[in-house]
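Below you'll find the structure, written out as structure tokens, and then a few comments.
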Amino acid sequence: MSVTLVESSTVPPIGVGEGTWPTMRNTLAKIGITETQFIQSCDAAFKQGARFVGWVDGSPNDGYYHPLNPPVGAAELNLSPHWEAASASFADSVDFQAALCTAGLAPKDITSAEFRGVANYAYHLDAGKFAMVLREHSVNKLGVRHVVGDVMRIHQAQNGDITSVELADGQTLAGDLFVDCSGFAALLIGGVYKVPFQRCGDTLFIDRALAMQVPYPEPEAPITCHTVSTAQDAGWIWDIGLWTRRGIGYVYSSSHTSDDEAEATLRRYVGPAADALTPRKIAIQSGHREWFWQNNCVAVGLSAGFLEPLEASALLLIEISMDNIADRLPRTRGAMEVVARQFNETFQHHWKRIIEFLKLHYVLTQRTDTAFWRDNVLPSSIPESLQERLELWRVHPPGPHDFSHAREVFSWPSYQYILHGMRFRTRYAELAHVAREMTDAKRLLARAAQQRKEALQKMPPHRELLKKIRTYGLQAV
Ligand SMILES: Cc1cc2nc3c(=O)[nH]c(=O)nc-3n(C[C@H](O)[C@H](O)[C@H](O)COP(=O)(O)OP(=O)(O)OC[C@H]3O[C@@H](n4cnc5c(N)ncnc54)[C@H](O)[C@@H]3O)c2cc1C
């Protein structure tokens with residue numbers, strides 16, 4: 001089998017997308033890029049989750065964590081009904097990772113093996129550098145043929161299959177399976193097959209982004225070890241710490257603010273460092289293709305769809321799409337029909353669930369200060385299945401049985417962190433079984449407190465660890 005990558009010399013990659021999910025560790029290991037190499041060449045830093053600032057009521061202390069560690073003893077007991085007795089937030093009561101984030105400490109130390117940590121983690125990375133590393137690695141180590149050229153024409157067989165793509169220089173590239181990774185252009189899935197685009201702007205209102213690359217005020221400035229997502233009048237600002245700079249951007253709803261106001265908001269957030277910078281403007285269409293695999297073409301990445309980057313679900317979807325395609329690469333054209341149908345069912349499920357999970361971040365807000373936040377809690381904007389689950393979760397904490405799909409993208413601990421972080425009102429305390437579980441719950445909460453104490457003593461500052469990795473490297477697995 002051979003793989004050819006066609007890349008335009010005139011259309012650059014989108015160049016944003018700097019927050020990942022922990023799956024990236026497996027992806028890198030699987031394709032043979034070491035963690036040391038990745039950190040050194042992509043300006044990468046560790047990400048231990050997200051902190052949502054100002055999402056509940058916008059008051060000065062409003063902020064909560066969605067860490068990547070599951071609650072302590074998650075397989076033994078659901079701690080959702082028990083943490084309220086503790087004096088701290090849910091994330092701080094049931095695990096130690098939020099404390100590491102607050103203290104600016106790393107999820108591993110220099111003696112940890114590659115891709116292993118004391119806490120679960122993902123990465124922040126420089127998207128432009130990562131694209132280059134992937135390209136070079138694919139060509140030099142994995143035998144991918146790289147062709148630079150603009151796809152101008154598509155040739156199809158009578159059954160609609162794509163037989164070849166023709167480039168501007170007249171070169172024709174034939175193939176059995178075509179992966180549409182042409183970004184928002186969606187050259188094949190949209191251009192050739194006209195697969196309808198299912199918008200979800202009625203649920204997720206964000207449709208614009210302004211992005212800046214902001215230098216640190218001094219070379220030794222601490223590097224935040226989580227994504228900070230700060231609520232604004234008409235959207236939210238992401239703030240991602242890399243080795244050499246921060247990636248900061250405002251994603252907003254153009255129905256709720258103007259581009260000029262949005263830019264002023266972003267500049268206020270960044271402060272004086274923004275004076276020397278011009279933000280990049282990106283229009284976003286929130287939604288996805290109704291199906292992703294048609295004939296012998298499968299859409300991956302922005303060509304398949306895009307949702308606001310609240311939980312770094314886009315790179316994650318690319319990773320699981322590629323895993324799925326590699327694992328189930330059809331051995332015959334006949335087998336492709338079944339594989340395609342299964343792929344479409346799986347990814348329709350993923351997109352639906354991700355939309356619901358992202359909307360969950362908004363629906364419990366108590367903010368009423370702007371139309372953006374008021375509109376976000378209108379029942380007409382909330383998918384019925386999410387409304388149903390919210391009712392259920394008032395009496396049954398989210399748990400593994402809520403998520404029947406074998407490979408759920410976001411699992412129940414993530415839902416718990418958002419619900420409790422957003423101060424979801426539950427009736428758990430009134431329910432009889434809660435009292436019976438009290439002894440076990442106290443034991444687990446005490447374990448989490450002990451782990452927190454140890455981790456705070458043991459883990460190194462984030463920048464210090466990155467410096468060591470860049471100088472000495474990590475141990476091979
Ligand atoms: C504002 C914003 C913030 C984001 N933040 C995150 C995040 O934090 N985490 C996350 O997981 N994701 C994030 N994403 C999504 C992430 O950036 C993308 O999923 C990722 O970069 C993959 O993009 P892509 O490869 O599908 O498209 P692109 O990067 O746009 O690449 C498209 C490629 O197609 C080629 N091409 C186009 N037309 C032709 C043609 N005619 N002929 C030949 N080649 C062609 C181009 O040369 C280019 O290389 C964000 C996206 C946006 C817009």
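The values are calculated or read from the model by the stated rules, or taken from the named source; none is laboratory data. For clarity, every value in this text was computed on a predicted model and none was experimentally measured. Note that we place each Cβ from the backbone using ideal geometry, even for glycine, and neighbour counts take in every protein chain shown. Side chains are part of the model used for accessible areas, which takes the heavy atoms of the whole protein and leaves out ligands, DNA and RNA. Shrake-Rupley method; radii C 1.70, N 1.55, O 1.52, S 1.80 Å.
For Asp327, state whether it is away from the ligand (no atom under 15 Å from the Cβ) and acidic (Asp, Glu).
Considered against the rule, which asks whether it is away from the ligand (no atom under 15 Å from the Cβ) and acidic (Asp, Glu), Asp327 comes out as yes.
As an exercise: evaluate His256 against (1) open to solvent by 60 Å² or more (accessible area, probe 1.4 Å); (2) at pLDDT 95 or above; (3) not in a strand (DSSP E or B) and give the number of the one condition it does not meet.
Tallying (1) open to solvent by 60 Å² or more (accessible area, probe 1.4 Å); (2) at pLDDT 95 or above; (3) not in a strand (DSSP E or B), His256 fails exactly one: (1).
If a residue has to be at pLDDT below 90, small (Gly, Ala, Ser) and within 35 Å of the chain's Cα centre (by Cα) to count, how many in segment 420-436 make the cut?
The qualifying residues number 1.
Restricting attention to segment 398-422, and to residues there that are in a helix (DSSP H, G or I) and farther than 18 Å from Val72 by Cα, which single residue is most open to solvent (accessible area, probe 1.4 Å)? I'd like the intermediate steps shown before the answer.
Residues of segment 398-422 in a helix (DSSP H, G or I): 400-402, 412-421.
Okay, now just the ones that are also farther than 18 Å from Val72 by Cα, so 401-402.
On the way: His401: 180, Asp402: 30 Å².
Ranking the qualifying residues of segment 398-422, first place goes to His401.
Of all residues in segment 233-249 being touching a residue at least 40 places away in the same chain (Cβ under 8 Å), under 21 Å from Phe205 (Cβ atoms) and not aromatic (Phe, Trp, Tyr), which is surrounded by the fewest Cβ atoms within 10 Å (Cβ to Cβ)?
Let us first name the residues in segment 233-249 that are touching a residue at least 40 places away in the same chain (Cβ under 8 Å), namely 233-236, 238, 240-245, 247, 249.
Now drop any that are not under 21 Å from Phe205 (Cβ atoms), which leaves 233-236, 238, 249.
Among the residues that remain, those that are also not aromatic (Phe, Trp, Tyr) are: 233-235, 249.
Numbers: Asp233: 18, Ala234: 24, Gly235: 24, Gly249: 24.
Going through the qualifying residues, I end up with Asp233.
So which pairs qualify, if the first residue must be in segment 34-55 and of a type in the set (Phe, Trp, Tyr), the second must be in a strand (DSSP E or B), the Cβ gap must be under 6 Å, and the two must be at least 6 apart or on different chains?
These pairs meet every condition: Phe52/Tyr64; Phe52/Ser229; Trp55/Ala231.
If you take the residues in segment 292-322 that are surrounded by fewer than 23 Cβ atoms within 10 Å (Cβ to Cβ) and in a strand (DSSP E or B), which one is nearest to the ligand (Cβ to nearest atom)?
Per the stated criteria, the residue is Phe306.
Among the residues of segment 59-74, is any within 16 Å of the ligand (Cβ to nearest atom) and at pLDDT 95 or above?
yes
I'd like to verify a number: residues in segment 2-34 that are near the ligand (Cβ under 7 Å from one of its atoms), of a type in the set (Val, Ile, Thr) and open to solvent by 40 Å² or more (accessible area, probe 1.4 Å), how many?
Going through segment 2-34 one residue at a time, the tally reaches 4.
Would you point out which residue out of Leu266, Leu177, Leu187 is crowded, with 18+ Cβ neighbours inside 10 Å and away from the ligand (no atom under 16 Å from the Cβ)? Quick ask: steps written out before the conclusion?
On the way: Leu266 fails: away from the ligand (no atom under 16 Å from the Cβ); Leu187 fails: away from the ligand (no atom under 16 Å from the Cβ).
Only one candidate passes the filter, namely Leu177.
Output the number of residues of segment 324-343 satisfying the condition of being open to solvent by 20 Å² or more (accessible area, probe 1.4 Å) and within 22 Å of Glu290 (Cβ to Cβ).
7
Take His288 and decide whether it is in a strand (DSSP E or B), touching a Phe, Trp or Tyr at 6+ places or on another chain (Cβ under 8 Å), under 30 Å from Leu392 (Cβ atoms) and touching a residue at least 24 places away in the same chain (Cβ under 8 Å).
yes
Each row is one residue, and each column tells you yes or no for (1) within 22 Å of the chain's Cα centre (by Cα); (2) crowded, with 19+ Cβ neighbours inside 10 Å; (3) under 22 Å from Glu319 (Cα atoms).
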residue	(1), (2), (3)
Gln348	yes, no, yes
Tyr362	yes, yes, no
Gln366	no, no, no
Pro379	no, no, no
Leu390	no, no, no
Trp393	no, yes, no
His396	no, no, no
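Does Val147 satisfy being open to solvent by less than 20 Å² (accessible area, probe 1.4 Å) and more than 12 Å from the ligand (Cβ to nearest atom)?
Considered against the rule, which asks whether it is open to solvent by less than 20 Å² (accessible area, probe 1.4 Å) and more than 12 Å from the ligand (Cβ to nearest atom), Val147 comes out as no.
Kindly establish whether Leu173 is under 22 Å from Ile248 (Cβ atoms), touching a strand residue (DSSP E or B) at 6+ places or on another chain (Cβ under 6 Å), among the aliphatic types (A, V, I, L, M) and not in a loop (DSSP other than H, G, I, E, B).
no
Would you check which residues across segment 98-110 are open to solvent by 20 Å² or more (accessible area, probe 1.4 Å), of a type in the set (A, V, I, L, M, F, W, C) and assigned to a helix (DSSP H, G or I) and list them?
Result: Ala103, single match.
Quick test for you: out of Asp95, Asp62, Asp57, pick the one residue that is crowded, with 22+ Cβ neighbours inside 10 Å and of a type outside the set (Gly, Ala, Ser).
Only one candidate qualifies: Asp95.
Which of the residues spanning segment 225-245 are more than 13 Å from the ligand (Cβ to nearest atom), out of contact with any helix residue (DSSP H, G or I) (no Cβ under 6 Å at 6 or more places or on another chain) and part of a strand (DSSP E or B)?
Correct list: Thr230, Ala231, Arg245.
Which residues, taken from segment 453-477, are open to solvent by 50 Å² or more (accessible area, probe 1.4 Å), part of a helix (DSSP H, G or I) and closer than 23 Å to Ala91 by Cβ?
Residues satisfying the conditions are Lys453, Glu454, Leu456, Gln457, Lys458.
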